[in-house]
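Structure record follows, encoded as structure tokens.
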Amino acid sequence: MLRRFTTAIAFLTRIPVNPTVPHTGEDVAKSSVFFPWVACLLAAIQVLTMLGLSALSVPIVLQAIAATAVLMLAGGGLHQDGLADMADGFGGGYTKERVLTIMRDSTIGTYGALALLLSLATRITALAALMVEPSGALWVFTAAALSRCSICLGWLMPYARDTQGTGQSLTQITGPAEVLGAIVFALLLAFVCVGLGALPAIGLASVVFIVMAWLCWRKIGGVTGDTLGATTEVSEVMLLALGAAWVSA
């Protein structure tokens, strides 16, 4: 159990956890039950960053920018990279083969840059709006945990590539125990943190997952590691925006 948790930390963050111990694709897939837990760790880093800067009277927008920068450093931009790759591939490719080729390209194109810009701008704006309210921090944890339930798409949909990749392990090895464990934890945390606000949050996350799954099926007939990361990023940002609207209503 502890190994699975540390594997999830090693996979989703740049926090050094047993760096000399190799992690196989099976380890990563089995560790997915802890993805929402690790997401909460990253959420805590963002919240503490903003609270610390608030104590120094730093303006709220600069706090949100700093928290986002710290998140990128701690998380390695994993999901943001997936979003950029998916935007470039889906925006510039007309066949499955071309889409997958573009997504493998290490360079970033116009669609990817625009997607990242919109994502980061929305994240920073939402964080700034959330953290001026007493209950805002709880929405940061809720958004982080619920968005990591995107692992369910890896369980439900086939791997789109013929070659091996991290996404292949998540689609072929992840089982119902890991998926249900992650979902149950995220749902419980959402209701504990935001009460009835969990209902629209769960609804929004479900809509995002369905739309992203439809896009993936239509364009490439399955999922990849990039599309799973993109789904996580899109759902988290939209949940933060929902939280900002909820607490300010």
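The values are calculated or read from the model by the stated rules, or taken from the named source; none is laboratory data. This one's a predicted model, so the numbers in the text were calculated from it and none came from an experiment. Note that we place each Cβ from the backbone using ideal geometry, even for glycine, and neighbour counts take in every protein chain shown.
Assorted remarks:
- Filtered residue count, segment 119-135, keeping only those that are under 18 Å from residue 197 (Cβ atoms) and either at pLDDT below 95 or β-branched (Val, Ile, Thr) (or both): 4
- Within segment 110-143, the set of residues being more than 18 Å from the chain's Cα centre (by Cα) and surrounded by 17 or more Cβ atoms within 10 Å (Cβ to Cβ) comprises 111, 128, 129, 130, 131, 136.
- Look at segment 56-77: where a residue is closer than 21 Å to residue 233 by Cα and a partner is at pLDDT below 95, sitting 6+ places away or on another chain with Cβ atoms under 6 Å, you get 74/13; 75/13; 76/14.
- Residues (part of a helix (DSSP H, G or I) and either buried (at least 19 other Cβ atoms within 10 Å of the Cβ) or under 16 Å from the mean Cα position of the chain (by Cα) (or both)) located in segment 217-227: 219, 220, 225, 226, 227
- Only one of 241, 230 that is in contact with an Asp or Glu (Cβ under 9 Å, 6 or more places away or on another chain), aliphatic (A, V, I, L, M), surrounded by 16 or more Cβ atoms within 10 Å (Cβ to Cβ) and closer than 24 Å to residue 116 by Cα: 230
- Any hit, segment 183-202, residues being touching a strand residue (DSSP E or B) at 6+ places or on another chain (Cβ under 8 Å) and either on the phi < 0 side of the Ramachandran plot or surrounded by 21 or more Cβ atoms within 10 Å (Cβ to Cβ) (or both): no
- Residue pairs meeting the criteria (Cβ under 7 Å; at least 6 apart or on separate chains; first more than 19 Å from residue 126 (Cα to Cα), in segment 34-50; second of a type in the set (Val, Ile, Thr) and in a helix (DSSP H, G or I)): 35/151; 38/9
- Any hit, segment 15-23, residues being outside any loop (DSSP other than H, G, I, E, B) and either surrounded by fewer than 16 Cβ atoms within 10 Å (Cβ to Cβ) or of a type in the set (Gly, Ala, Ser) (or both): no
- Pairs meeting the criteria (first residue in segment 200-216 and more than 15 Å from residue 183 (Cβ to Cβ) and assigned to a helix (DSSP H, G or I), second residue aromatic (Phe, Trp, Tyr) and at pLDDT 95 or above, beta carbons under 7 Å, at least 6 apart or on different chains) are 215/90.
- Failed condition for residue 26, given (1) more than 19 Å from the chain's Cα centre (by Cα); (2) closer than 27 Å to residue 192 by Cβ: (2)
- Only one of the numbered conditions (1) in a helix (DSSP H, G or I); (2) free of Cβ contacts under 8 Å to residues at least 40 places away in the same chain; (3) over 23 Å from residue 32 (Cβ atoms) is not met by residue 155, and that is (3).
- Evaluation of residue 170 against the conditions (1) under 29 Å from residue 91 (Cβ atoms); (2) touching a Gly at 6+ places or on another chain (Cβ under 7 Å); (3) modelled with pLDDT of 90 or more shows that the sole unmet condition is (3).
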